[in-house]
Amino acid sequence: MFELKKILILLTYSIIFILYNNTNVSSVRAQTYGILTMKTQSEAEQFKHLIEPFAIGEGSIGCLLVHGYTGSPSEMRPLGEFLAQQGYAVTCPLLPGHGTTPEDLERCSCRDWFDAVVNEYQRMRTTHLKLFVIGLSMGGVLSLHLAAHYPIDGVVTMGSGTRLTDWRIRLLPFLRHFLQKIRKTHNDYARGPNRIRFAYDYNSVNPTRELLRLQRHVEDDLPDVIAPLLLIHSKNDIIIKFKNAELIRSLVRSKDVTIVPLENSRHVVTLSEDKETIHSAVKTFISQHISVQ
């Protein structure tokens, strides 16, 4: 009886999900990445300037920037350019599976993303006196993961957390058998010909499961984080709720933790009206810690 009830609940959720995404059962079963891949490849070529990794600025203080899930370095560039102007050496790699097509993301695991961050960290660590790691969304989660295993002079997270809000995420174990992707309800600054950010318009099911796996692992890792933390988070974030910042603060062992709440942005805070507030907060944070031995 219990199993039947469970199946009925799953079927109900699935029907709601399908209706919510304006598609039908047969099309869901038949979905492939053909048309989507062609469109994304075309967009990747058109918006190549938004996708490319960057390394700018010079100095003995390094800032490693990490973009978010399905995103690209474009969402970190305004902050990167600001930090370079302050005299810091800034780099922002393109994470594996990003900036090309969702098919490429399907081939990646959360370990691939973390390894890319570790490689850049190790390169910068040898050439800079101090190193700060700054991440947006999943980039912040990867930054916390890095801080749990490697010495870092300071970590900044923006809109990062270990608990997603989207109710459809709960259906992934069931939906993955016949569904490949979920269209984003919001894709800030990444739609239309005048976009200033490149990001996939869909969350692929299997990579999203990898994201959840990463979040669970990092939440377990948080007690090993002792580096100074600056947690920047919008109170209007509907993807990663503000309470995630409070959860992180409660679980880390860092003695120096500051939360900066934002009022005029949603999830991609780095490109929002709050970006000047972010720039100022990050500048102050780094300045306070570059002289700490």
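We did not get these values from a lab; they are worked out from the coordinates using the rules stated. Values in this document were obtained by computation on a predicted structure and should not be read as measured data. Note that each Cβ is placed from the backbone with ideal geometry, even for glycine, and that neighbours are counted across all protein chains shown.
Give the separation of the Cα centroids, the range 207-273 to the range 144-158, in Å. Each part's Cα centre sits 12 Å from the other's. Once backbone amide H atoms are built at 1.01 Å from N, residue 132 has 62, 63, 64 as its partners under 5 Å, excluding neighbours fewer than 5 places away on the same chain. Here's how it looks for residue 225: its modeled amide H is under 5 Å from those of 253, which are all 5 or more places away or on a different chain.
Annotation: peptides 95-103, 137-145, 47-55, ranked by per-residue average of other Cβ atoms within 10 Å with the highest first, follow the order 137-145, 95-103, 47-55. Which net charge results when you count Lys and Arg as +1 and Asp and Glu as -1 among the other residues whose beta-carbon is under 9 Å from that of residue 61? After counting each charged neighbour, the total is 0. Protection proxy ranking for 153-159, 217-223, using the average of other Cβ atoms within 10 Å per residue and placing the highest first: 153-159, 217-223. Across the range 115-130, computed HN-Hα scalar couplings (Karplus, 6.51 cos²θ - 1.76 cosθ + 1.60, θ = phi - 60°) run 4, 5, 5, 4, 4, 5, 4, 5, 5, 6, 4, 7, 10, 9, 5, 9 Hz from first to last residue, x flagging Gly and Pro. Database remark: amide H of residue 260 closer than 5 angstrom to the amide H of 231, 232, 233 (H placed geometrically; neighbours at sequence offset of 5 or more, or on other chains; Pro and chain starts carry no H).
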